[in-house]
Amino acid sequence: MKARTRRVLVGTAAIAMSVSLAACGQAGGGDSGDGGDDGKKLIGLLLPENKTTRYEAFDRPLITDKIKELCSDCEVKYNNASQDTQQQKKQFDALVTQGADVIILDAVDATATKSWVDRAAEQGIEVVAYDRLAEGDVSGYVSYDNEAIGKLQGEGMVKALGDDAADARTVMINGSPTDPNAALFKKGAHSVLDEQVGKIVYEQDIPDWSPDEANKKMSAAITSLGKDGFDAVYSANDGMAGGIITALNKAGISDVPVGGQDAELAGLQRIVKGEQAFTIYKAIKPEAETTAQMAVALLEGKSIGKFAPETVDSKSKKGIPSKLYGAKIVTKDNIKDTLVADGVYTVEEICTKQVEKACKAVGLM
C-alpha cells in the first residue's frame, strides 16, 4: 500500500480550490457541500456519462450511501463527465487540488487516465477504478468479468435464434472504442457467435455508446444489406438497442431478435413487449457497495484484500487487487425471478399502462 501524504488546504489554497471547482462544474451537483474544507475526509466519485440510466439511478446513490454508512465523517464529492474526457480530467484535477483522500474513477476513456492517476498516486491519493479499468497506478478495481458477459450475450443470441442459429446472418453493434469493457464484451460475444451462428454480415463500434449513432448505423446496415439481409442484431447495451429497434421499426422489420445489456427499465419493457429478445443483468448493488468498502478501507489505511480477492493487469500496472462479479441472461421468462426478486424494479415500475397487457401475457401481472 502506498505511503499516504495528506495536505490541509487553507487560505489561498482554499480559494484556488473554489476557482478550480467552478471551472470544472458540478454535473448534477456534489453530494457534499464544501469539498472537505471543514476537515472531513474527502472521497471523490467520478462517473463517465448519463446516457446509460444506471449511473445516476443506481451507481451514484448506492456508492454514496454505502460510504456514508461506513464513514460518518466522510464527504463524497460527485461529478459526471457526460462522455467528455477533458471534462473528466478537470474534475479529477479539481479533486486532487481539493486534497481528496480517495478518488473512485469510472473513466470516460480508460486509456487517457495514466498521467492523472499516476500524479494522484505520487501525492498519496488512492484511486479505485470502478467498472472500467483505468490506466495508471490504481489501488484497486471493481467490475464484472466482462469477457464472460460478452459470452453470455452471444449465448443469449444463439438461444433467441433457436434452430435458425447455425445459418443466421448477424449484425453486431458494439460499444465505445474508448471503453476497455466494450472490447471485452465484443471479444466474448465473438467467441460464441463466430462458432455458432452462420456469419457476421455487418459490424460497427459506436462512439460514446450513443443510441442515436447506433440508430444511424442500423439504418445504414438495413440500406446495405436489405431488409432480408440479416437475421439478428447484437447490441452491446440496452441504450443502443433502443436506437436499433427504432431503426428496425421504421423499416418495417419486426422479426429479428435484438439483444442488449444492463437490464435498463426501457429494455425490460421492450423485452416484455417482444421487441427485444434479452438483456444481461449485472447486479449493480454488490459492485457499488464493494467499491465503497474498498474506498473507505484505503482511506483508513487498511488492507483491501477481503474486498479484492483476485488480481488483474492493465497495460500500465500488473497485479491490481480486484473483484469481478458475474451476470445473468434475462428474458421475458425470468424478469420476475431476477430483477424483481432482487428489488431492482417493481412489477409496477415495469408494467406501466403502455405495457400492462404485455405484462399480463408473460405472467408478470
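At a glance:
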| read-out | value |
| --- | --- |
| Yes/no for Pro180 being of a type outside the set (Val, Ile, Thr), over 24 Å from Ala266 (Cβ atoms) and crowded, with 17+ Cβ neighbours inside 10 Å | yes |
| Only one of Ile329, Ile304, Ile350 that is crowded, with 18+ Cβ neighbours inside 10 Å and closer than 16 Å to Val127 by Cβ | Ile304 |
| Selected residue (criterion: most open to solvent (accessible area, probe 1.4 Å)) from residues of the stretch 220-239 that are among the hydrophobic types (A, V, I, L, M, F, W, C) and in contact (Cβ under 8 Å) with a residue 24 or more places away in the chain | Leu225 |
| From the options Gln86, Gln26, Gln91, residue that is open to solvent by 10 Å² or more (accessible area, probe 1.4 Å) and at pLDDT 95 or above | Gln86 |
| Any hit, the stretch 56-66, residues being more than 18 Å from the chain's Cα centre (by Cα) and surrounded by 21 or more Cβ atoms within 10 Å (Cβ to Cβ) | no |
| Strands (runs of 3 or more DSSP E) enclosed by the stretch 137-208 - at least 1 residues per element that are in contact (Cβ under 8 Å) with a residue 60 or more places away in the chain | 140-144, 169-174 |
| Options Gln293, Gln261: the member that is open to solvent by 30 Å² or more (accessible area, probe 1.4 Å) and in contact (Cβ under 8 Å) with a residue 24 or more places away in the chain | Gln293 |
| Those residues of the stretch 122-133 which are in contact with a strand residue (DSSP E or B) (Cβ under 8 Å, 6 or more places away or on another chain) and open to solvent by less than 10 Å² (accessible area, probe 1.4 Å), in sequence order | Ile125, Glu126, Val127, Val128, Ala129, Tyr130, Asp131, Arg132 |
| Helices (runs of 4 or more DSSP H) lying entirely in the stretch 268-365 (those with 3 or more residues that are farther than 28 Å from Trp116 by Cβ and more than 23 Å from the chain's Cα centre (by Cα)) | 356-361 |
| Residue check, Ala277 open to solvent by less than 40 Å² (accessible area, probe 1.4 Å), aliphatic (A, V, I, L, M) and under 30 Å from Ser72 (Cα atoms) | no |
| Filter result (closer than 20 Å to Val197 by Cα, more than 20 Å from the chain's Cα centre (by Cα) and not charged (D, E, K, R)) within the stretch 225-252 | Leu225, Gly226, Gly229, Phe230, Ala232, Val233 |
| Subset of the stretch 307-326 (residues that are open to solvent by less than 60 Å² (accessible area, probe 1.4 Å) and closer than 18 Å to Glu289 by Cβ) | Phe307, Ala308, Pro321, Ser322, Lys323, Leu324, Tyr325, Gly326 |
| Whichever residue in the stretch 141-180 is within 24 Å of the chain's Cα centre (by Cα) and small (Gly, Ala, Ser) and, among such residues, is farthest from Gly260 (Cα to Cα) | Ser143 |
| Count of residues meeting criterion [assigned to a loop (DSSP other than H, G, I, E, B) and not β-branched (Val, Ile, Thr)] in the stretch 125-136 | 6 |
| Members of the stretch 139-164 that are among the charged types (D, E, K, R) and either surrounded by fewer than 18 Cβ atoms within 10 Å (Cβ to Cβ) or closer than 20 Å to Thr290 by Cβ (or both) | Asp145, Glu147, Lys159, Asp163, Asp164 |
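Condition check ((1) in contact with a Phe, Trp or Tyr (Cβ under 8 Å, 6 or more places away or on another chain); (2) among the hydrophobic types (A, V, I, L, M, F, W, C); (3) within 22 Å of Pro321 (Cα to Cα)) across all residues:
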site	(1), (2), (3)
Asp73	no, no, no
Asp84	no, no, no
Lys90	no, no, no
Ala107	no, yes, yes
Glu122	no, no, yes
Glu126	no, no, yes
Glu135	no, no, yes
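The values are calculated or read from the model by the stated rules, or taken from the named source; none is laboratory data. These figures come from a predicted structure and were not determined experimentally. With ideal geometry, Cβ positions are generated from the backbone for all residues, glycine too; neighbour counts draw on all protein chains shown. Surface accessibility is based on the protein's heavy atoms, side chains included, excluding ligands, DNA and RNA. Shrake-Rupley method; radii C 1.70, N 1.55, O 1.52, S 1.80 Å.
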